[in-house]
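Structure record follows, encoded as structure tokens.
The values are calculated or read from the model by the stated rules, or taken from the named source; none is laboratory data. What you see is a predicted model, and the numbers here were worked out from it, not measured in a lab. No Cβ is skipped: glycine too gets one built from the backbone with ideal geometry, and neighbour counts run over all protein chains shown.
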Amino acid sequence: MKKNWLIPVAIAAAYAIGRAQGPAGVAPSVAPDVKLENNRVRVTELDYHPAVPREKSIRKADQVIVFLDDSRYERIDPDTGAKEIRTRKSGDVIWHFKGEVAPVLTNQDKKTYRTLVIELK
């Protein structure tokens, strides 16, 4: 039986929980807050503070990223070092594959923006 409903339900539940609780703020650059985790999915809310770079990393799982706030950030290409400014609107959704390089990102706005990262296990 297909479980196509799992991702939308996880997103809605995580968003509702995120509105009821504040972020944990445990990381120095991007504050992660695990909203839901089971054997199939891990949902984390990330806070991107102004002018604080997110470190480069390798994605450990396929990811759906939902932007909870409007954002404007600088992306540094991991291969070429080229800098690019990107903007996203609240509600925008993007996909990343396991094993991709997550580049250095720096919030260019004056306010913190949030994303939900849904990692598929």
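Among the numbered conditions (1) surrounded by 16 or more Cβ atoms within 10 Å (Cβ to Cβ); (2) modelled with pLDDT of 95 or more, the only one that N39 does not meet is (1). The set of residues in region 87-110 being under 28 Å from E37 (Cβ atoms) and surrounded by fewer than 15 Cβ atoms within 10 Å (Cβ to Cβ) consists of K89, S90, G91, D92, V93, I94, W95, F97, K98, G99, E100, V101. Residues that are crowded, with 18+ Cβ neighbours inside 10 Å, modelled with pLDDT of 95 or more and either more than 11 Å from the chain's Cα centre (by Cα) or farther than 18 Å from L116 by Cα (or both): does region 72-83 have at least one? There is at least one residue in region 72-83 that is crowded, with 18+ Cβ neighbours inside 10 Å, modelled with pLDDT of 95 or more and either more than 11 Å from the chain's Cα centre (by Cα) or farther than 18 Å from L116 by Cα (or both). Under 13 Å from Y48 (Cα atoms) and of a type in the set (K, R): which single residue out of R114, R59, R86 fits that description? After applying the criteria, what remains is R114.
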